[in-house]
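Notes follow the structure.
Please treat every number below as a calculation from the coordinates, not as lab data. The structure presented is a predicted model; accordingly, all values stated were derived computationally and were not measured. Here the Cβ is made from the backbone with ideal geometry for all residues, glycine too, and neighbour counts use every protein chain on show.
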Amino acid sequence: MSLYTVEMPGTTFVIEGLEGEKTLEGTIPVYGAKNAVLPALAASILIEGESRFENVPDITDVVAMGRLLEDAGAFVSRTGDTLTVNAKAVHGSVMSNTTAKSLRASILLIGSLLARTGSVTFPHPGGDVIGERPIDLFIRAFEQLGATFSGSSDTYTLSAPKGLSGGEIFFRVVTVTGTEAVMMAATRASAPVTLKNCALEPEVVSTANYLISCGARIIGAGTPTIVIHPSALSAPQEAFGIMPDRIEAASFLALGALAARELTVTGIEVKHLDAVLDAFTYLGVELQMSGNAITVRAPQELHPTRLRTHEYPGFPTDAHPPFVILLTQAMGDSVMIESIFDGRLNYTKELVRMGASIDIVSPHRANIKGPTPFTGANIDTPDIRAGLAFMLAAIIAKGKSKVGNAHLIDRGYAKIEDRLSAVGVKIRRE
Ligand code: EPZ
């Protein structure tokens, strides 16, 4: 079966709101994590052989990353939730403008292509409209490892024809994909590379674990200092399982806390959710844990709360939009402080059209007064996570809503309408 199993579906979700009724019921599964599979796929091009990945979500970002790998000469195929990359022969190191601009995660490939082929040419990566997304930390790190950088207005080239050298890199700002991209490239450097002030996200640890399964010597992933020692890489013996998506888990639990009689979210890696579970406690939401499943019921009343996004293990910025929906329904004054991205609160203006009382007092702070009932509206999402939050708002609203730009939601959530309708949401595409 081809990699490209995602069909070209309709671009708008039509949702009939529950009008505040808390009637959702059943089980909703969490799929493999988008932000773990993308770096793993980018890393697979370092391996002169075949890698198999299991629990791969059927999302369009995976399709786009697959295209970039194929452009570089790899063979990519998919059977069910298993994706195979054969990177025995990698020839190209010029990234397609259109595909690379469709996803920010294309930046992950610059490290592996540079390390594998000695050069990489790429456009400024695209992706979500959630604020400024510079790439200076990547460029600086690769320069520190001996690469030279050149660029015109929108196309850049990094080259290191004799390979990358060892060295010590300090990340001025904690960056998730920056840590991943430099860590993967460093596996082919000629001497040890030490990375300081690294991102601690579980997705970084997962990327390191995949590389370790290919023979890499990486010490300290999940801590601020990661040391990568030179070693030969070879095809992994076993398939690599993609970790569960902790943002999906947080979003589905938020759905349950808003609108469920009883919703069980399955396939959760509970230890990745400390900050999210703590936030639910403050909101007054009781959760029942059972292994990898969590059951949630919408409480009578949500408590107002002050949340602040932070690098892992703090509250994840990608879980902020669904939690803003919860805060709009809490009894009193809440605050959401978005500390990572300066444009990420903009989507809340659309929630105000649905009835929310949200005051954006700075690019990083929204004051929210609740509870406010919502009325259905036609809204276009600017990004993946705001898109799911709009769906949650539409689910609790009175009347019909249309959430446009569904293709952005498809970038990160597989078969979302099937999973939601299975627990009682009235949803279709058009
Ligand atoms: C990753 O993006 C995720 N993407 C994002 O998920 C997530 O929101 C973000 O980490 C924060 O957790 C993937 O993993 C594919 P950063 P990333 O570099 O790595 C600044 C989603 O919806 N910075 O950690 O691009 C940057 O501006 C998404 O799934 C520089 O200044 O984010 C930001 O303020 C969206 N220079 C901060 O670092 C650089 O060169 C952290 O961003 C790079 C980043």
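In table form, for the structure just shown:
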| read-out | value |
| --- | --- |
| Volume in Å³ per residue [convex hull over Cα atoms, computed for the stretch 80-211] | 133 |
| Length added when fully stretched, Asp81-Ser339, from 0.36 nm per residue minus Cα-Cα | 89.4 nm |
| Neighbour net charge for Arg172 - beta-carbon separation under 14 angstrom, K R +1, D E -1 | -2 |
| Share antiparallel - DSSP beta bridges, the chain, percent rounded to 5 | 70 |
| Antiparallel %, DSSP beta bridges [both residues in the stretch 314-429], to 5 | 75 |
| Taking only Cα atoms of the stretch 51-140, radius of gyration then Dmax in Å | 13.4, 39 |
| Stokes-Einstein D (µm²/s) once Rh is taken as the Kirkwood radius of the stretch 286-430 over alpha-carbon pairs, at 4 °C in 1.567 mPa s | 82 |
| Largest-first ellipsoid semi-axes for the chain, taking √(5λ) over the Cα gyration tensor eigenvalues, angstrom | 38, 22, 20 |
| Within a Gaussian network of the chain (alpha carbon springs, distance under 10 Å), most fluctuating of Ala141, Ala189, Ala232 | Ala232 |
| Proximal charge balance of Val76 [Cβ under 10 Å; K/R count +1, D/E count -1] | +1 |
| Listed residues Ser106, Ser290, Ser77, most fluctuating in the chain (Gaussian network, C-alpha, under 10 Å) | Ser290 |
| Span-rule helices in the chain, defined as complete DSSP H runs reaching 18 Å or more along the axis (Cα) with Kyte mean at least 1.6 | 384-396 |
| Value of D in µm² per second that Stokes-Einstein yields for the stretch 137-236, Kirkwood Rh from Cα pairs, at 37 °C (0.692 mPa s) | 242 |
| Tally of Lys pairs whose C-alpha atoms are under 15 Å apart, taken over the chain, 8 or more apart or cross-chain | 8 |
| Dipole in debye (nearest 20) - the chain, about Cα centre, beta carbon charges: Lys, Arg +1; Asp, Glu -1 | 360 |
| Rounded Å value of the spacing that divides the Cα centres of the stretch 377-430 and the stretch 207-263 | 26 |
| Whether the stretch 1-119 is rounded, prolate or oblate, judged on the alpha carbon gyration tensor where a/c under 1.5 counts as rounded | prolate |
| Loop-located chymotrypsin sites (Phe, Trp or Tyr not before Pro) in the stretch 194-266, at most 13 other Cβ atoms within 10 Å (DSSP) | none |
| Linear extension gain, Val361 paired with Thr375, 0.36 nm per residue minus alpha-carbon span | 2.6 nm |
| Within-12-Å neighbourhood charge of His364 [Cβ basis; K, R +1; D, E -1] | +1 |
